[in-house]
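Reading through the structure tokens given below for one structure.
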Amino acid sequence: MGASTAVVGLGYVGLPLALLAQQKGQEVIGIDYNKTKVKMIQERKSPFIDEEISNLLKRVPLQVTSSYDQIADVNTIVVCVPTPIDEYCMPDLTHVTSACTEIAKHIGRNKKQLIIIESTINPGVCEEAVLPLLEKESHSTCGKDFYLAHCPERINPGDTKWNVSNIPRVVGGYDDTSLRLAMEFYETVIDAPVKPMQSLKEAEAVKVVENSFRDVNIAFVNELAMSFTRLNIDVLNVIDGASTKPFSFMPHFPGVGVGGHCIPVDPYYLIEYARKNGFTHNFLSTARTINSNMPQFTVGRLEDALTSVGKQLQKAKVLVLGLSYKPDVGDLRESPALKVIDILKAAGTEVTAFDPYIDHLDGIQTITRKAGRVEMVLTQVLSEIDALLLVTAHHAFRTLKPKLLAKRGVNVVVDGRNFFDKDEMIAQGIVYRGIGR
Ligand code: SAJ
């Protein structure tokens with residue numbers, strides 16, 4: 001039997017890693033507390049929409065269970081459970097601590113095992129929360145009876161170029177042996193550079209920094225979009241212009257908001273840890289405020305467009321195009337669409353939603369995508385609405401050309417992702433509002 005590995009948490013992060021490690025000769029046991037998910041994987045079906053995972057599951061045998069019993073026999077245990085935020089935007093480590101509590105019941109007996117945390121956590125979580133819990137619950141000592149490392153996950157759902165095998169990684173260890181063992185594990189499993197960091201904290205900081213970097217850059221262009229709306233400047237053209245600079249500029253794009261399980265979440269982990277240590281991240285917090293306000297700004301654009309055709313939000317029939325937080329996936333986590341729909345419902349708007357990847361959302365009428373092209377599915381509803389509001393730039397919406405929309409009787413379009421051809425919309429006599437254009 002080859003080196004053996006347990007992967008705890010079989011979601012977007014854990015399942016690809018488990019399948020890759022299995023392919024690379026590790027004897028993998030996948031563990032997830034969701035028995036439905038375990039059953040689906042046992043039946044070789046992906047628990048989420050992902051073509052690559054679905055294909056891999058058909059050809060890569062993977063042992064999965066809800067029990068932690070077999071953990072005592074593996075060499076490496078990788079923790080890939082969610083680290084969300086609660087309703088007060090505070091870090092929620094309950095998945096990590098409950099997984100580590102279960103793991104601790106089985107380690108430190110037969111062999112010295114390596115525990116790797118891949119979940120996104122703020123600096124300090126490994127040393128101040130995970131390590132004491134593992135030692136206390138296992139009655140053993142880190143660095144002597146077991147080893148601890150952190151390797152932040154970098155999965156990008158829906159990305160067809162970058163995947164768990166080719167994305168470079170960073171690793172931090174509790175001590176030199178922990179670091180060495182973790183480096184050996186990733187150098188065996190992935191085909192990309194692995195950079196050793198000087199400490200657990202540095203490795204934890206890398207992830208929250210790279211995602212906070214993205215959040216503040218998106219906030220920058222969102223603020224520009226709100227400003228340029230008043231200055232009558234097309235922000236998208238300006239970003240395109242700035243992008244001709246071959247250095248020192250990295251384009252980001254304004255929109256209806258920032259969703260997902262990473263970008264709108266990770267900054268709060270750093271903000272809160274720094275606050276506890278006496279520092280206030282004003283800049284990160286301001287960026288979060290700007291991005292969190294974009295759903296409201298977008299509804300403002302809709303209200304402005306409706307007013308220009310003598311209508312108002314109340315009683316208006318609005319088709320929300322897209323529910324997922326990013327294109328070409330079906331993932332509602334922190335999706336701006338949910339905030340937009342809440343605002344519209346509070347204003348008395350009649351909302352219908354369509355997302356080719358999400359058939360149902362509690363509380364609103366959704367159109368399910370039967371077979372057929374999007375414009376066929378939407379024929380009826382397009383002729384009945386007062387406005388169309390695009391929230392997710394799914395590629396499937398590319399066939400909704402301005403000419404077709406005008407022909408179906410659509411006369412107001414609010415483009416939450418600056419997805420449509422503005423000039424063509426206007427040429428078709430459609431009242432068009434973008435974000436910053
Ligand atoms: N968004 C904007 N403007 C932009 C880019 C994104 O409004 O210019 C919005 C998206 O619509 C979405 C949210 O931000 O609602 C997040 O989009 P994302 O492209 O960052 O997608 P995520 O959340 O899947 O982020 C992942 C992250 N990967 C990991 O954390 C391992 C992130 O670090 C990557 O930078 C990102 O993918 C990526 O580059 O695609």
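None of the figures in this text is laboratory data; all of them are computed from the coordinates on show. All of these numbers come straight from a predicted model, not from anything done at the bench. Positions of Cβ are backbone-derived with ideal geometry, glycine not excepted, and every protein chain shown enters the neighbour counts.
Observations on the model:
- Modelled spin labels at A192 and E87, positioned 7 Å past Cα toward Cβ, are 3.7 nm from each other.
- In this Cβ point-charge picture (+1 for Lys and Arg, -1 for Asp and Glu), the chain has a dipole of about 960 debye about its Cα centre.
- Folded to 0 to 90 degrees: helix 266-276 orientation relative to the chain principal axis, Cα: 60
- The label-point distance for K45 and K407, in a model that sets each label 7 Å from Cα toward Cβ, rounds to 3.8 nm.
- Cβ-based charge dipole, the range 282-369, positive-most Cα from P295, V318, S308: S308
- Evaluated over the Cα positions of the range 181-283, the convex hull gives a direction-averaged projected area, one quarter of its surface, of 9.8 nm².
- Here H394, H252 are placed in order of increasing Cβ neighbour count within 10 Å, fewest first, which gives H252, H394.
- Length-normalised contact order of the chain in % [C-alpha pairs under 8 Å, at least 6 apart]: 11
- Per residue convex hull volume, Cα atoms of the range 218-329, in Å³: 157
- Extension gain, N166 to E52, is 39.6 nm, computed as 0.36 nm per intervening residue step minus the present C-alpha separation.
- Note on the chain: antiparallel DSSP beta bridges, both residues inside, total approximately 10 percent of the bridges counted.
- In nm, spacing of pseudo-spin labels at S227 and A427 (7 Å Cα→C-beta vector): 3.2
- Cα gyration tensor shape of the range 124-248, rounded if a/c is under 1.5, else prolate or oblate by comparing a/b with b/c: prolate
- Among I218, Y269, N110 the positive-end extreme of the charge dipole of the chain (Cβ point charges): I218
- Top of Y325, Y269, Y357 by mean-square fluctuation, Gaussian network on the chain, Cα under 10 Å: Y357
- The average projected area of the range 20-114, computed from the convex hull of its Cα atoms over all directions, is 7.3 nm².
- Evaluated over the chain, the Cα radius of gyration and Dmax, each in Å: 23.9, 75
- Cα gyration tensor shape for the range 263-306, rounded if a/c is under 1.5, else prolate or oblate: prolate
- Rg and Dmax [Cα atoms of the range 289-437; Å; Rg one decimal, Dmax integer]: 13.9, 40
- Counting other Cβ atoms within 10 Å as a rough exposure proxy, the listed residues Y432, Y88 run Y88, Y432 from fewest neighbours to most.
- Within the straight-line cut-off of under 13 Å between alpha carbons, the aspartates and glutamates reachable from K422 are D234, sequence neighbours fewer than 8 places apart in one chain being disregarded.
- Exceeding the 29 Å Cα-Cα cut-off - candidates K245/K276; K317/K339; K45/K339; K24/K45; K315/K339; K35/K105: K245/K276; K45/K339
- The range 316-382: C-alpha gyration tensor shape, a/c 1.5 cut-off, then a/b vs b/c: oblate
- Ascending count of other beta-carbon atoms within 10 Å, so fewest first, for D342, D50, D415: D342, D50, D415
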